[in-house]
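This report refers to the structure that appears directly beneath it.
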Amino acid sequence: MDRNIQIISERLIMRPIQLADSDSIFLYRSNSVINQYQGWIPQTIDDVNDFILNLTSPQINQPGTWFQFVIIKKDENELIGDIGVHFHASDTSQVEIGCTLNHKHHGKSFAFEAVHSIINYLFDEWGKRRIIASIDSRNYPSIRLIERLGFQKKAHIKEIPAQNNECADDLIYALLKDEWSASKRT
Ligand SMILES: CC(C)(COP(=O)(O)OP(=O)(O)OC[C@H]1O[C@@H](n2cnc3c(N)ncnc32)[C@H](O)[C@@H]1OP(=O)(O)O)[C@@H](O)C(=O)NCCC(=O)NCCS
């Protein structure tokens, strides 16, 4: 049943990831420069297949698992990105989100439109109360995106292990359902 979820916005459709999406996802997820602040960078298509089959849940809202949406551009039926949602293991009112877009489609507000729709979906359909995002402090495009959506910075964790044996600062942002509802009224 979860495979039939469709979240529709003006230019986009968000639907659950499928094995047939591997090639399109590998195209942009394997770019280690664009995705330099991501924890997962596939080296082969098999890495993407493994991610879809073993690291994402086939069912939404399962505590302690990630559920993965892909972002489809309606006009050309093209897969342009993905959004992961982590359902917290013990606090079931909380989820974490992360978004990655094919760099061909950066700077057109597709990420904003997609994440905006997923936020509505998580608050309205699943009754979540808090959505968080964890972002490397050097990841300026992500920080802009999440702040434009109304998330507030709640924590700045210094010098945690990051890519390439480096240490980096992590920012934790949060958005509450009440804040989101209030922003839609103004
Ligand atoms: C994070 C990420 C998804 C954001 O994508 P994005 O394209 O910057 O975000 P949007 O789709 O909302 O686009 C917003 C920008 O496009 C601009 N824009 C909107 N419409 C536009 C248009 N028609 N033409 C040109 N620019 C446009 C907006 O003004 C905005 O620019 P600004 O940030 O300078 O104000 C992207 O940078 C990415 O995939 N990064 C790599 C993965 C990653 O690190 N993810 C974070 C995991 S937590």
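Each value in this text was obtained by applying a stated rule to the coordinates, not by laboratory testing. Predicted model, so just to flag it, every value in this text is computed and none were measured. Don't worry about glycine lacking a Cβ; one is built from the backbone with ideal geometry, like all the others, and counts go over all protein chains shown.
Test of understanding: express the Cα radius of gyration of region 1-59 as a ratio to 2.2 N^0.38 Å, with N the residue count.
Working: Rg = 12.8 Å, N = 59, 2.2 N^0.38 = 10.4 Å.
After normalising by residue count via 2.2 N^0.38 Å, the value is 1.24.
Return the ratio Rg/(2.2 N^0.38 Å) for the chain, where Rg is computed over Cα atoms only. Mind dumping the intermediate values first?
Working: Rg = 15.9 Å, N = 186, 2.2 N^0.38 = 16.0 Å.
Cα-based Rg divided by the globular estimate yields 0.99.
Can you tell me the order of 173-180, 48-55, 158-165 when each peptide is scored by its average per-residue count of other Cβ atoms within 10 angstrom, highest first? Present the calculation step by step, with values, prior to reporting the outcome.
Values: 173-180: 17.2, 48-55: 14.9, 158-165: 10.2.
Ranking, from highest mean packing down: 173-180, 48-55, 158-165.
If you count, for each residue, the other Cβ atoms within 10 Å and average over each peptide, how do 76-86, 140-150 line up from highest to lowest? Don't skip to the end; give the middle numbers.
Working: 76-86: 18.5, 140-150: 16.5.
Output ranking for 76-86, 140-150: 76-86, 140-150.
Over 22 Å between Cα atoms: which of K153/K184; K74/K153; K73/K104 fall into that group? Can you show the working numbers first?
Working: K153/K184 20 Å; K74/K153 33 Å; K73/K104 12 Å.
With Cα atoms farther than 22 Å apart: K74/K153.
Run the helix sum for the chain: -39,500 (n - 2.57) per DSSP H stretch of 4+ residues, divided by residue count, reported at 222 nm to the nearest 500 deg cm²/dmol.
On the way: 5 runs with 47 residues, N = 186.
The helix-only estimate for the chain comes to -7500 deg cm²/dmol at 222 nm.
What is the extension gain from I5 to Q59, computed as 0.36 nm multiplied by their sequence separation minus the C-alpha to C-alpha distance, in nm to one decimal? Numbers along the way, then the final one.
Values: separation 54, 0.36 × 54 = 19.44 nm, distance 1.05 nm.
Gain on extension, I5 to Q59, equals 18.4 nm.
Points 7 angstrom from Cα along the Cβ direction at F112 and Q36: gap in nanometres?
So the two model labels end up 2.5 nm from each other.
Any idea what the dipole of region 101-186 comes to, in debye rounded to 20, about its Cα centre with Lys/Arg Cβ at +1 and Asp/Glu Cβ at -1?
Values: 14 positive and 11 negative charges, 60 e Å.
About 280 debye.
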